[in-house]
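The structure appears below as C-alpha cells.
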Amino acid sequence: MPVYNGGLLLVRVRYFDVQRKRPGLPKDVGALVKKLEEKRMVLKLVNLHADQPRDVIIQAGAFGEHQFTEIKYDEKTVAVDNKYFHVHLLPFSHITLDIGMKRFANDPSYALPQN
C-alpha cells in the first residue's frame, strides 16, 4: 500500500498494469517525469518490448485525490475530466504526454481503477 513513514504518499500519478491487473508499470515499460508544475506535468512513457504492446492506466495521485483536465500529445488535445486515463503503447514506441490536472480535487480513496 502506498504509505510513507506512517502518512499518506503524496505523488502526482500512480501506474497500473492492465494485462497483469496489478499496481505498477507493465514489464518493459519506463516512465520519466520531464516537467512538474502546479497545474500540469509532462510525462514520457516508453515500451521497450520489440513485438508486444503494453497498456497502462494512469491515476491522478496515489489515492485518486487529483483530477486530470486535459492531455496533449502528438499535436492533439483531449479533454479529460477523470482521475484515470488509459494509454496503449505500441511495441517499441514512446509517447510524451502533457497532462493538465487539478490537485486535491477528489476525496482520497483506496478504490482501484476499473478497466
* Contacts under 9 angstrom Cβ, first residue in region 64-83 being on the phi < 0 side of the Ramachandran plot and without any contact (Cβ under 8 Å) to a residue 24 or more places away in the chain, partner in a strand (DSSP E or B) and among the β-branched types (Val, Ile, Thr), 6 or more apart -> Thr77/Ile71; Val78/Ile71; Ala79/Thr69; Ala79/Ile71; Val80/Thr69; Val80/Ile71; Val80/Ile99; Asp81/Thr69
* Asked: Given (1) surrounded by 14 or more Cβ atoms within 10 Å (Cβ to Cβ); (2) in contact (Cβ under 8 Å) with a residue 40 or more places away in the chain; (3) of a type in the set (Asp, Glu), where does Asp51 come up short, assuming only one miss?
  -> (1)
* To do: Considering only residues that are in contact (Cβ under 8 Å) with a residue 60 or more places away in the chain and of a type in the set (A, V, I, L, M, F, W, C), look in region 15-36 and name the one that is surrounded by the fewest Cβ atoms within 10 Å (Cβ to Cβ).
  => Val18
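Rundown of residues vs (1) touching a strand residue (DSSP E or B) at 6+ places or on another chain (Cβ under 7 Å); (2) more than 27 Å from Leu8 (Cβ to Cβ); (3) surrounded by 14 or more Cβ atoms within 10 Å (Cβ to Cβ), yes/no style:
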| site | (1), (2), (3) |
| --- | --- |
| Ile58 | yes, no, yes |
| His86 | yes, no, no |
| Asn106 | yes, no, yes |
| Ser109 | no, no, no |
* Structure fact -> Those residues of region 60-95 that are under 13 Å from Phe16 (Cα atoms), part of a strand (DSSP E or B) and among the hydrophobic types (A, V, I, L, M, F, W, C) come to a total of 3
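Rule-based calculations on the coordinates, nothing more; no lab input. Please read all numbers here as calculations on a predicted model, not as lab measurements. Methodologically, a virtual Cβ is constructed for each residue, glycine included, from the backbone with ideal geometry; neighbour enumeration extends over all protein chains shown.
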